[in-house]
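*Asks:* Below you will find the structure I want to go over with you.
The values are calculated or read from the model by the stated rules, or taken from the named source; none is laboratory data. Keep in mind the model is a prediction, meaning the values are calculated, not measured. All Cβ positions, glycine included, derive from the backbone under ideal geometry; neighbour counts span all protein chains shown.
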Amino acid sequence: MSIGQKREPILTGRNLVKRYGKVVALDHCDFDLYPGEILAVIGDNGAGKSTLIKALSGAVIPDAGEVRLEGKPVHFTSPNDARHAGIETVYQTLAMSPALSITDNMFMGREMRKPGFRGKWLRQLDRPAMEKFARDKLNDLGLMTIQNINQAVETLSGGQRQGVAVARAAAFGSRVIILDEPTAALGVKESRRVLELILDVRSRGIPIILISHNMPHVFELADRVHVHRLGKRLCVIDPKNHSMSDAVAYMTGAKVPETEFETA
Amino acid sequence: MPTDTDHYETSVRERRAEAVAEFADHKPSPLQRVQHALHVTPALVPLIVLLASIVVFGALLGSRFFSPFALTLILQQVQIVGIVAAAQSLVILTAGIDLSVGAIMVLSSVVMGQFTFRYGIPGPVAVACGLAVGTACGFLNGWLVARMKLPPFIVTLGTWQIFLATNYLYSANETIRAQDIEATAPILQFFGAKFSIGGAVFTVGVVFMITLILGLGWVLRHTAWGRHVYALGDDAEAAQLSGVDVKRTLISVYMLSGLICAFAGWALIGRIGSVSPTSGYDANIESITAVVIGGISLFGGRGSIMGSLFGALIVGVFSLGLRLLGADAQWTYFFIGVLIIAAVAVDQWIRKVSA
Ligand SMILES: Nc1ncnc2c1ncn2[C@@H]1O[C@H](COP(=O)(O)OP(=O)(O)OP(=O)(O)O)[C@@H](O)[C@H]1O
Ligand SMILES: [Mg+2]
């Protein structure tokens, strides 16, 4: 089976360039995500994976290149633009406000208001509704080791925080969900939950970009694996036809692929 | 399909997770519980200090201090600082600082006065113009901080001088006398209007200060805008990534701060009767003092605006109490200094234990 060319990609990047002073984080990088797939992005530390997904999610404005969503060029100038377009991201840093509650964090930037006068004119938040929603989403993730939905995020463990961030993305993403190392701080059980959640999201028809250093996870879940090296896409491989050691060899430069899109 | 348990990495993680779980099982010590309470309700410390200082001065001075008249006198004395501290609190919650609050206040009051007396504009319109000038000053601060990405301390250090100089140049250093205002445009002195309930004396300015702080407290807690103010003060980058329009929110905070300072300028006319370009020169330091004693963190994102009111009142209680005791006025400054350092130490402690 040849990978890629048969369908129209939902999200593409072409010739993306991002420089930080002398550092070239993205060096004419291409990217393709197809509908309904789980695309893993792997690469060494500093390869530019996070920068790539930031360029796709509006958090970084590329110096050059083009991003297309469903074939149409898009120019996201903030993460909010991408969110309005249905792209939801869990950043590597999680992007949460430590002093605010779980509920506040889940709804940051898209708060629910009370119905009627109090919501319309006083702009009062509908806390009960928001709390219920947040609790349900965390329950879905099996993250209810958290006792109090109103506790400050800084009082959560690293893994719980990551769980909240993943729950937030899964709850609101409608077109594309991007996860930058979503299981890095999680225990075995919690990692498993997140992997299940990823499969669950895909079964809703939403494609996922998964950045991970955990090869077993990548090979278990991904439909395709995008290997990132020195700021660009080195190749895309089919995990069914390659071993983990191949992937690692490409990643580290020990082995060079013959073509960008390898076939079976 | 590989299973997780095969991997050394994950087994390490598992052990780490267990260790965390064990740790969480420990019963919190009383000290940790206090810390937690303070963490959740940051205005608690200044409230306790306020009540304690009222009790101590009440015990020392008896009914001279512990009377409706004396206690409401404190409210009148702190009304200007209290209003300005509300503005300062908003800015400090965003991890900023506004050194120009006093200058905006005076400039706005001068605009209200000069527009009425120099151009013959009706009082209410002149007041509206003064409020607009204050808001515009705030916008300038906010624009420089949010769009030009300059540090708030430097921006407001600059605009402090600019607004103050504008104030002197524009007013030609001229004071408008209280009698003239009373005769021509009494609305300028509206905030000074008094009414009493029993022995307690209130002014419109005092009522405004309390309403303002309660209102802002509600808005900060119960609206999206309020949550965004906290979020961006806590971690601006995270707030931006999680969907807050950081620049717009910042500019709105500085504009609102400017508007509140203009209201303080109006209240200032009510308090001193006249319009004087030299009044209120130390409002910036006094407001920062109230905010810090009130337990709002200078690092942003933590604290409650009620705390600032308590902070302003603590300063008022010490000033009046020590004066009634016949102590040298320097003792007030001495104790305020101690309180500032204690407040910051408590803030650090709360952060450390919670981390
Ligand atoms: N905000 C920034 N300012 C300056 N340099 C940056 C910035 N962000 C990323 N870089 C640089 O860009 C390069 C790519 O970084 P990026 O975070 O995208 O790597 P990564 O592949 O996600 O690595 P990791 O696996 O460690 O998360 C690095 O050399 C990094 O130092
Ligand atoms: Mg990264």
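*Asks:* Which count do you get for residues in segment A:228-254 that are closer than 21 Å to A:Arg202 by Cα and either surrounded by 18 or more Cβ atoms within 10 Å (Cβ to Cβ) or touching a strand residue (DSSP E or B) at 6+ places or on another chain (Cβ under 9 Å) (or both)?
*Replies:* Looking only at that region, the number is 4.
Quick grid of which residues meet (1) small (Gly, Ala, Ser); (2) in contact with a helix residue (DSSP H, G or I) (Cβ under 9 Å, 6 or more places away or on another chain); (3) surrounded by fewer than 17 Cβ atoms within 10 Å (Cβ to Cβ); (4) in a loop (DSSP other than H, G, I, E, B):
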{"residue": "A:Glu66", "(1), (2), (3), (4)": "no, no, yes, no"}
{"residue": "A:Glu88", "(1), (2), (3), (4)": "no, yes, no, no"}
{"residue": "A:Ser97", "(1), (2), (3), (4)": "yes, yes, no, yes"}
{"residue": "A:Gly109", "(1), (2), (3), (4)": "yes, yes, no, yes"}
{"residue": "A:Phe133", "(1), (2), (3), (4)": "no, yes, no, no"}
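*Asks:* Turning to a different aspect of this structure: Take the residues in segment A:15-56 that are among the aromatic types (Phe, Trp, Tyr) and surrounded by 17 or more Cβ atoms within 10 Å (Cβ to Cβ); name whichever of them is nearest to ligand 2 (Cβ to nearest atom).
*Replies:* Residue satisfying both the conditions and the ranking: A:Phe31.
*Asks:* What tally of residues in segment A:25-66 results from selecting those that are under 18 Å from A:Val227 (Cβ atoms) and either away from chain B (no Cβ under 14 Å) or more than 10 Å from ligand 1 (Cβ to nearest atom) (or both)?
*Replies:* So the count comes out to 25.
*Asks:* Continuing with the same structure: For segment A:161-185, how many residues meet the condition of being within 16 Å of ligand 1 (Cβ to nearest atom) and part of a loop (DSSP other than H, G, I, E, B)?
*Replies:* Number of matching residues: 5.
*Asks:* Identify all residues within segment B:296-335 that are touching a helix residue (DSSP H, G or I) at 6+ places or on another chain (Cβ under 6 Å), over 14 Å from B:Gly82 (Cα atoms) and part of a helix (DSSP H, G or I); write none if there are none.
*Replies:* Matches in segment B:296-335: B:Phe318, B:Ser319, B:Leu320, B:Gly321, B:Leu322, B:Leu324, B:Trp331, B:Thr332, B:Phe335.
*Asks:* Just one of A:Arg68, A:Arg83 is away from ligand 2 (no atom under 16 Å from the Cβ), of a type in the set (Lys, Arg) and free of Cβ contacts under 8 Å to residues at least 60 places away in the same chain; which is it?
*Replies:* A:Arg68
*Asks:* Is segment A:120-130 home to any residue that is under 27 Å from B:His39 (Cβ atoms) and either among the polar types (S, T, N, Q) or touching a Leu at 6+ places or on another chain (Cβ under 6 Å) (or both)?
*Replies:* Yes, segment A:120-130 contains a residue that is under 27 Å from B:His39 (Cβ atoms) and either among the polar types (S, T, N, Q) or touching a Leu at 6+ places or on another chain (Cβ under 6 Å) (or both).
*Asks:* Same structure again: Output the number of the condition that B:Ala24 fails; it satisfies all remaining conditions of (1) modelled with pLDDT of 75 or more; (2) in a helix (DSSP H, G or I); (3) closer than 29 Å to B:Gly233 by Cβ.
*Replies:* Here B:Ala24 meets the rest and fails (1).
*Asks:* Then there's this: Would you be able to tell me the number of residues in segment A:207-218 that are surrounded by fewer than 20 Cβ atoms within 10 Å (Cβ to Cβ) and touching a residue at least 60 places away in the same chain (Cβ under 8 Å)?
*Replies:* Summing the residues that are surrounded by fewer than 20 Cβ atoms within 10 Å (Cβ to Cβ) and touching a residue at least 60 places away in the same chain (Cβ under 8 Å) in segment A:207-218 gives 1.
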